[in-house]
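Beneath this line is the structure, given in structure tokens, with notes to follow.
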Amino acid sequence: MFSVGSDFSRGIGYVFKGIMGFWKRPRLWVYAIVPFICVKVLFAGISYYVMNSHVKPLVNRMTAMISSWGLENLAIVAGFIVHWVAVIAFFLFMASITSMLFEVFGGVFFTYMVRRYEHMIYERPLEPPVTWRQDILNTLGCVVYSVGTVILNIPILLLGFVFPFFAHVLAAWLVGYRYGVSYCAESGFNKGWSIALLQQRFAGHRAVLHGFGMMVFLLLMIPYISILLIPGFVIGGTILVNEEARS
């Protein structure tokens with residue numbers, strides 16, 4: 001029987017095992033390349049549209065208005081400030097959704113990446129005995145679970161306006177746990193488990209999921225860099241399930 005502290009610290013360790021497990025196996029990289037390209041193309045397209053259709057016209061209208069008052073120098077300074085404030089705000093917004101976009105594009109690819117990894121490391125079949133009906137139910141289960149995570153986030157975000165530090169710790173513990181479950185889900189599905197059954201397999205030592213999920217939660221806060229870590233989180237969840245979940 002493991003203590004809560006050792007479970008928690010081991011859970012953290014699986015995050016870094018997963019990152020290393022992904023990056024030291026080039027055969028797995030192909031599963032991340034396509035969604036990465038999709039995100040970058042979408043990012044470039046949105047950036048071009050926003051900058052040319054909204055930011056540039058806004059700056060031009062504002063500088064023209066100030067210049068009409070005979071304040072040409074002020075117009076130049078104001079235009080420079082507004083342009084860069086808009087650019088920074090846009091890139092901060094995109095940074096907040098980049099990881100989500102990468103996961104959306106990578107969903108199907110990560111399914112096959114997990115199967116490939118389990119085949120290489122744990123000698124499991126490339127095509128697990130999962131029926132199309134189970135696949136549909138698993139997908140619906142993921143959607144419902146993700147919606148639940150979003151709903152859980154709302155009161156925590158509101159609490160953050162009053163107690164920011166406490167809200168952040170609470171989010172890392174509660175939302176982080178759900179992140180941990182989500183990144184373990186694909187490996188569980190390969191074994192015929194639902195999300196609920198996956199969590200039951202950790203009865204008595206769920207702190208390992210908390211440690212894993214909290215570290216994932218913190219690393220996902222790193223703008224842009226986090227998309228390079230997400231495939232490793234998926235592999236980390238795969239290792240965790242195969243080495244920690246009770247059958």
Below 8 Å between Cα atoms, with a sequence gap of 6+, how large is the relative contact order for the chain in percent? 38
For Lys40, the aspartates and glutamates lying under 18 Å Cα to Cα, once residues fewer than eight places off in the same chain are dropped, come out as Glu103
Taking only the alpha carbons of the chain, the radius of gyration and the largest Cα-Cα distance, Dmax, both in angstrom, are 22.1, 78
Using the charge dipole of the chain (Lys, Arg: +1 at Cβ; Asp, Glu: -1 at Cβ; taken about the Cα centre), state which of Met62, Gly176, Ala245 has its Cα farthest towards the positive end. Ala245
Probe 1.4 Å, heavy atoms of protein chains only: per residue, the accessible area of the chain in Å² is 55
Sorted by average packing, counted as other Cβ atoms within 10 angstrom per residue and highest first, what order do 215-223, 69-77 take? 215-223, 69-77
With +1 on the Cβ of every Lys and Arg and -1 on the Cβ of every Asp and Glu, the dipole magnitude of the chain about its Cα centre, in debye rounded to the nearest 20, is 280
Helices from the chain with mean Kyte-Doolittle at least -0.5 and a Cα length along the axis of 27 Å or more, per DSSP H: which? 4-23, 26-50, 72-122, 132-160, 164-190
Probe radius 1.4 Å, ligands and nucleic acids ignored: give me the carbon and sulfur share of the accessible area of region 1-139 as a rounded percent. 73
Putting +1 on Lys and Arg Cβ atoms and -1 on Asp and Glu Cβ atoms, find which of Phe90, Gly160, Gln200 reaches farthest to the positive end of the dipole of the chain. Gln200
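The values are calculated or read from the model by the stated rules, or taken from the named source; none is laboratory data. Just so it is clear, the structure is predicted and the values come from calculations on it, not from any experiment. Using ideal geometry, Cβ is built from the backbone for each residue, glycine included, and neighbour counts are taken over all protein chains shown. Heads up: the accessible areas ignore ligands, DNA and RNA and are worked out on the full protein's heavy atoms, side chains in. Shrake-Rupley method; radii C 1.70, N 1.55, O 1.52, S 1.80 Å.
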